[in-house]
Ligand SMILES: NC(=O)C1=CN([C@@H]2O[C@H](COP(=O)(O)OP(=O)(O)OC[C@H]3O[C@@H](n4cnc5c(N)ncnc54)[C@H](O)[C@@H]3O)[C@@H](O)[C@H]2O)[C@@H](O)CC1
Ligand SMILES: [K+]
């Protein structure tokens with residue numbers, strides 16, 4: 001399993017279940033505060049600390065953390081937004097654990113320090129920061145936040161107004177959407193999720209080899225190419241063939257046994273001039289394509305295909321065949337005025353790989369009306385009736401049944417021409433070898449991110465597939 005992604009509401013329900021089963025809520029707060037102190041102390045072992053406490057549970061964690069940090073011989077000063085006598089419940093009990101003085105929050109603005117422990121507000125913030133909290137949020141310096149950097153909504157991953165920018169964030173039981181989705185994720189620094197004995201139920205996880213590693217295709221001793229699946233990629237016209245070839249080579253690299261580019265007559269010679277291990281086959285109509293894909297397990301359509309009636313006809317025949325479909329780019333855009341025509345044909349094992357613009361064209365304003373990108377992609381998958389992978393720095397992959405995987409294993413250097421074609425090729429190549437669609441999409445996104453991270457600055461899409469042998473060898477634990 002990857003790290004679970006829990007909404008603030010799911011976390012509250014999980015806490016309630018633990019309390020109902022007899023655990024004292026103050027014990028849970030104590031575990032949270034101690035975990036926060038130990039996280040800070042392990043990662044930032046030097047320097048004086050300002051602990052900023054808010055009026056609720058987040059502030060309660062801060063008081064417990066302050067007491068533990070003092071026991072670890074750290075120099076700690078505590079500042080509170082309200083007079084400690086005004087605290088109630090567990091926060092009041094937590095404040096009683098702190099033996100030192102408590103100064104008003106505004107005093108923190110001028111007090112010297114090396115580190116800030118931000119325990120002002122959790123991810124369930126009800127209104128934007130103002131006054132002293134807002135001034136503290138925007139002054140800079142090294143910050144470690146409890147739950148989320150104060151000022152960020154844990155569910156939407158958006159700042160409500162001014163917010164802290166943390167070097168590290170400690171959260172509990174699992175991640176919140178704000179730790180993986182932008183813009184919040186970029187404001188959290190390194191994120192640690194501590195186990196405080198509150199198991200939460202969720203269908204969303206952070207992408208990790210732990211999810212799909214056991215399902216990674218690997219040829220056995222009796223393996224031969226026909227057992228490793230046949231992937232076909234529909235080429236664009238003569239002047240736009242590169243996208244299909246990049247997807248095809250990516251599919252071959254991740255292990256599809258056979259890969260064929262299916263090309264119209266006009267593009268045959270340019271494709272033939274550039275292909276070696278990838279095969280080439282001519283198809284000049286949708287009927288030709290229907291015949292060509294009969295021996296394929298997976299077909300990619302869309303990369304540089306053209307927004308034309310023939311692209312739409314190709315998608316329609318593709319969705320009548322037995323092969324699973326990976327639809328990207330123009331294969332999506334050709335349905336932008338009649339998305340229902342696409343949705344009614346899609347099967348649960350097909351996958352759409354839109355970027356945000358393509359997503360909006362097919363699914364309207366889900367990104368504005370849903371709480372966050374995870375919810376929007378889930379709704380889209382349910383509407384389309386297949387797996388949907390919505391690209392970005394925070395790629396979300398969702399299935400119609402609500403399962404979702406968020407991939408943050410990536411680099412901004414991947415934002416370059418052709419990068420999406422390679423991603424489609426990775427996913428399709430894994431599917432061709434028999435992987436189920438959701439894990440194949442998750443593994444494809446992770447491989448794509450890892451390849452991008454290994455190339456780094458100066459990356460062009462042609463570089464990505466060359467990284468695959470080293471990455472796959474490492475994933476399979478094979479020495480090279
Ligand atoms: N519920 C529990 O038992 C646990 C809670 N934990 C901690 O408790 C936190 C949640 O506690 P709360 O629900 O009390 O939430 P907060 O600690 O975020 O406090 C909410 C309070 O702040 C006020 N507030 C919200 N926005 C404000 C603003 N802009 N300016 C001034 N005041 C504002 C609200 O009116 C409310 O009184 C979590 O983030 C976590 O750190 C952990 O201790 C684990 C256990
Ligand atoms: K906080």
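Since every read-out is calculated from the coordinates, none of them should be taken as a lab result. If you're wondering where the values come from, they're calculated on a predicted model, not measured in any experiment. Cβ coordinates were reconstructed from backbone atoms using ideal geometry, including for glycine residues, and neighbour counts include every protein chain displayed.
General observations
- Between the helical axis of 265-274 and the longest alpha-carbon principal axis of the chain there is an angle of about 70 degrees.
- DSSP beta bridges in the range 224-472 [antiparallel fraction, %, rounded to 5]: 25
- Extension reserve of the residue 279-residue 337 stretch, reckoned as 0.36 nm per residue once the Cα distance is removed: 17.4 nm
- Once C-alpha pairs closer than 8 Å and six or more residues apart are averaged by separation and normalised to the residue number of the chain, the relative contact order reads 12 percent.
- Packing here is the average count of other Cβ atoms within 10 Å per residue, and on that basis the peptides 167-176, 343-352, 209-218, highest first, run 167-176, 343-352, 209-218.
- Residue 23-residue 1 FRET efficiency (beta carbon distance; Förster radius 22 Å; 0.05 resolution): 0.40
- Ranked by the mean number of other Cβ atoms within 10 Å per residue, highest first, peptides 458-465, 13-20, 82-89 order as 458-465, 13-20, 82-89.
- Approximate spin-label separation residue 222-residue 473, in nm, with each point projected 7 Å along Cα-to-Cβ: 2.9
- Computed extension gain for residue 453 through residue 269, at 0.36 nm per residue and net of the alpha carbon distance, reaches 62.8 nm.
- FRET efficiency for the residue 203 to residue 139 pair, using the beta carbon distance and R₀ = 45 Å, is estimated at 0.70.
- Contact order, relative form, for the range 224-472: 19 percent (alpha carbon pairs under 8 Å, 6 or more residues apart, mean separation divided by residue count).
- Between the helical axis of 373-384 and the longest alpha-carbon principal axis of the chain there is an angle of about 30 degrees.
- Cα-based helix-to-principal-axis angle, 419-432 vs the chain, degrees rounded to 10: 70
- Put simply, when 131-142, 116-127 are sorted by average Cβ atoms within 10 angstrom per residue, most first, you get 116-127, 131-142.
- Residues 287, 90, sorted so that the one with the fewest Cβ neighbours within 10 Å comes first: 287, 90
- In this simple spin-label model, placing a label point 7 Å from the Cα along the Cα-to-Cβ direction at both residue 13 and residue 194 gives a separation of 2.6 nm.
- Inter-centroid distance (Cα atoms) of the range 14-76 relative to the range 181-203, Å: 16
- Relative contact order of the range 112-223, pairs being alpha-carbon contacts under 8 Å that are 6 or more residues apart, as %: 21
- Paramagnetic reach from residue 99 in the range 42-73 [backbone N under 13 Å; point 7 Å along Cα→Cβ]: 67-73
- The chain: antiparallel DSSP beta bridges as a percent of all, rounded to 5: 15
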